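The values are calculated or read from the model by the stated rules, or taken from the named source; none is laboratory data. Keep in mind it's a predicted model, so treat the numbers as computed, not measured. All Cβ positions, glycine included, derive from the backbone under ideal geometry; neighbour counts span all protein chains shown.
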Amino acid sequence: DGGITQSPKYLFRKEGQNVTLSCEQNLNHDAMYWYRQDPGQGLRLIYYSQIVNDFQKGDIAEGYSVSREKKESFPLTVTSAQKNPTAFYLCASSRTSGHLRDNEQFFGPGTRLTVL
Amino acid sequence: AQTVTQSQPEMSVQEAETVTLSCTYDTSESDYYLFWYKQPPSRQMILVIRQEAYKQQNATENRFSVNFQKAAKSFSLKISDSQLGDAAMYFCAYRSLTGSARQLTFGSGTQLTVLP
């Protein structure tokens, strides 16, 4: 079955440590996205990538980094510079053609990151 | 920049009844896409319905329909014959047609409770 996988489901980190969240998709989508979700707020865009080896900052990129070495993978690193990293992180992917139905973003199951 | 506002943090509905969730947005663009996503307790984001702004006809998907008022910048979701499985957080989202990115701008969400 095609889809998006994120691992791990739960992640605990000590203050001052970097941590990497995994996102893999087998939908053959060109575009991938990382969102952060906090209680009482909607999803906010961290980074996005429309093609391999290229990515752009979203609205809240500070303290995060990404890479896109393969079409299928878009890992997110939460660095020690991120002041309040405890949140739920969602990865998504989509096609990049123009039709509305191709604009649908498919989401992974998410990773809950807790900083101890 | 576009903004999406959901003014109802929580709503409840009796099973089999109808409920309407509100969403307003702010944009200077004339063409765009609008979406409603559902996030059940599993936290998996699921696309419920989508609307192209240039289409005057309101989108419908089975028990879900929208009331799209372009001039008022309003995009409400109506759920008919509510079922227990409809209980979830619902997010309204906006997607611009300008630029090459396809990121979504989300509202803060409405938590829907379905009462048996």
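With a cut-off of at least 2 residues that are in contact (Cβ under 8 Å) with a residue 24 or more places away in the chain and more than 23 Å from B:ILE46 (Cα to Cα), name the strands (runs of 3 or more DSSP E) lying wholly within region A:1-111.
On the way: elements: A:4-7, A:10-13, A:19-25, A:31-37, A:43-51, A:54-57, A:64-66, A:76-78, A:87-94.
In region A:1-111, the matching strands (runs of 3 or more DSSP E) lie at A:10-13, A:19-25, A:64-66, A:76-78.
Condition check ((1) surrounded by fewer than 16 Cβ atoms within 10 Å (Cβ to Cβ); (2) out of contact with any helix residue (DSSP H, G or I) (no Cβ under 7 Å at 6 or more places or on another chain); (3) facing chain B (nearest Cβ under 10 Å)) across all residues:
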{"residue": "A:LEU11", "(1), (2), (3)": "no, yes, no"}
{"residue": "A:ASN18", "(1), (2), (3)": "yes, yes, no"}
{"residue": "A:CYS23", "(1), (2), (3)": "no, yes, no"}
{"residue": "A:ASN28", "(1), (2), (3)": "yes, yes, no"}
{"residue": "A:TYR33", "(1), (2), (3)": "no, yes, yes"}
{"residue": "A:GLY42", "(1), (2), (3)": "no, yes, yes"}
{"residue": "A:ASP54", "(1), (2), (3)": "yes, yes, no"}
{"residue": "A:LYS57", "(1), (2), (3)": "yes, yes, no"}
{"residue": "A:THR77", "(1), (2), (3)": "yes, yes, no"}
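May I ask you to list the residues in region A:63-116 that are under 18 Å from A:LEU11 (Cα atoms), among the basic types (Lys, Arg) and under 16 Å from the mean Cα position of the chain (by Cα)?
A:ARG112
What number of residues within region B:25-43 are farther than 18 Å from B:PHE68 by Cα, in contact (Cβ under 8 Å) with a residue 40 or more places away in the chain and in a loop (DSSP other than H, G, I, E, B)?
2
From B:ARG102, B:ARG43, which residue is modelled with pLDDT under 95 and either more than 19 Å from B:VAL114 (Cα to Cα) or not basic (Lys, Arg) (or both)?
Values: B:ARG43 fails: either more than 19 Å from B:VAL114 (Cα to Cα) or not basic (Lys, Arg) (or both).
From the options B:ARG102, B:ARG43, the qualifying one is B:ARG102.
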